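Taking it in order: structure first as structure tokens, then the write-up.
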Amino acid sequence: MTAILFTNVRIIDGTGAAPFAGEMLVQGNRITQIERGARRINVQGATTIDGAGATLMPGMVEAHTHFAWNNAATLDGIQVMPTEEHVLWTAGVAKLYLDHGWTSCVGAATAKPRLDVVVRNAINEGLIKGPRYLAASQEITVAGTLGDDMLPHLPYPEFSFGQVVSGPEEMRKCVRMFLKYGVDSIKLNLSGDNFVAGADAKTTWMSDEEVAIAVKETHLRGKKVTVHARSCESIKQALRHNCDNIYHTSYTDEEALDMLEAHKHRIFTAPGLSVIVKLLYEGDQVGISHQKAIAMGYAEELEAAEKSLRAMHKRGVRILPGGDYGFAWAKHGENATDLQYLVKYAGMTPMEALVSATQWGGQMMQAGLPANHQLGMLQAGYLADCLLVDGDPLADLSILQHKKNLLAIMKDGVFHKAPELRGNAGRTRWSLGAAA
């Protein structure tokens, strides 16, 4: 069994406890021992990584991932990409996430019916490099709202961004199709979005009957229901019907907050703030001026979202990083910006932001893993997903935005990025070599 010893590292273990100097032993694909201090672990034949004081932390979990989004400026621009190119693009994005320290990702929707499933399977089979991944369906929606971009003279479902249903039986048929394909989660668009004319973020579109049948069919097969829910009513609807992952949660009232708190041990949320913040302040690059973004409702929504997120955080609702990346104004690879958003808009401390990206993310991933496959913390018995970081993320979360600061990336006990041998004024900063 392969043994790797990290020594001379500053450990952030994902529990929320203060960092400490120590050592960690990985054997096979699991963490087997963690000790405070130096020279506490001695395993014959272990490969030793001298971190020279670098930070060792759990791999991060992106809770709202769209591998298939191709950095286009419109939904149409994503969907019209030919299937062959789209498969290659999605595989490349999967590797990009792992390169940036996201060792696990939760799919939030894909652009073609089997795209997420195919990429997840290829990762699991070792055909391509990528994070642990939970595959999503396409967005399921209703006519006239987010995901329904089909023009009247082009009535071809294969060219639609989302799958459009009308009524419980069409919903049942659609959900069963995706479950047959092998998805880990079904995605429902309950609310509108300010990106869609005539269906803004405060609107709610699906009927209770449609949501109920989707949840029934999905839970029957042990899978999860993920929802796009910006409006207050859509959040309540998701909770009434026991949906599992609730994205955005921009508009709330006291009833919605009480319901979120009552379900806080069951649900996960990810606000997806990048779409709002970056369109509001960096939208010029795609032709949306600051004034236009305000007119579209993004300033109002950001204000509402901040109020909601701060209230949710105080009530102990699990809020995770996951930002709808993959658009022209919020490209793949910028995802760690979400950690700063959680501090600025949700009122988290830097440590709480890291816990949300690690411990809570591991809990969210658990839905798609065997019971003994624990993730998200550096603890004995947990799967060995970890990052060796050049610097202190607690002092500056922005260092996690730059992959050059990730000295090593380990997934499942194997280095995706192994530490390099470096010198500093004639001294080796850290090294790979057999332990004496």
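The values are calculated or read from the model by the stated rules, or taken from the named source; none is laboratory data. Treat the numbers as computed from the prediction; the structure is a model and nothing was measured. Neighbour counts run over all protein chains shown; Cβ positions are idealised from the backbone, glycine included. The accessibility values were calculated without ligands, DNA or RNA, using every heavy atom of the protein model including side chains. Shrake-Rupley method; radii C 1.70, N 1.55, O 1.52, S 1.80 Å.
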Sole residue being more than 20 Å from the chain's Cα centre (by Cα), at pLDDT 95 or above and among the aliphatic types (A, V, I, L, M), chosen from ALA299, ALA270: ALA299
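Going by the structure shown, is LYS264 over 23 Å from ALA353 (Cα atoms) and of a type in the set (Lys, Arg)?
no
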Residues of the range 315-367 that turn out to be closer than 28 Å to MET81 by Cβ and polar (S, T, N, Q), as a count: 2
ARG40 vs. criteria over 25 Å from the mean Cα position of the chain (by Cα) and within 20 Å of ALA384 (Cα to Cα): yes
Residue list for the range 168-212, filter: farther than 20 Å from ASP244 by Cβ, among the small types (Gly, Ala, Ser) and touching a helix residue (DSSP H, G or I) at 6+ places or on another chain (Cβ under 7 Å): ALA201
Helices (runs of 4 or more DSSP H) (entirely within the range 306-401) containing at least 1 residues that are open to solvent by less than 10 Å² (accessible area, probe 1.4 Å) and of a type in the set (Ser, Thr, Tyr): 350-357
The range 336-374 - residue that is of a type in the set (Gly, Ala, Ser) and in contact with a helix residue (DSSP H, G or I) (Cβ under 7 Å, 6 or more places away or on another chain) and, of those, nearest to ILE267 (Cα to Cα): SER356
Members of the range 201-235 found to be part of a loop (DSSP other than H, G, I, E, B), open to solvent by 60 Å² or more (accessible area, probe 1.4 Å) and of a type in the set (D, E, K, R), listed by number: LYS202, ARG221, LYS223
Residues of the range 54-79 classified as open to solvent by 20 Å² or more (accessible area, probe 1.4 Å) and farther than 22 Å from THR103 by Cα, total: 5
Single residue of the range 1-45 satisfying the filter (of a type in the set (S, T, N, Q) and in a loop (DSSP other than H, G, I, E, B)) that is most open to solvent (accessible area, probe 1.4 Å): GLN44
Failed condition for GLU303, given (1) out of contact with any Phe, Trp or Tyr (no Cβ under 8 Å at 6 or more places or on another chain); (2) within 21 Å of ALA63 (Cα to Cα); (3) open to solvent by 20 Å² or more (accessible area, probe 1.4 Å): (2)
Hey, LYS129 within 23 Å of LYS403 (Cα to Cα), open to solvent by 10 Å² or more (accessible area, probe 1.4 Å) and without any contact (Cβ under 8 Å) to a residue 40 or more places away in the chain or not: no
Pair list, Cβ < 8 Å and 6+ apart or interchain, from the range 251-278 residues that are farther than 14 Å from SER231 by Cα and open to solvent by 30 Å² or more (accessible area, probe 1.4 Å) to residues that are modelled with pLDDT under 95 and aromatic (Phe, Trp, Tyr): none
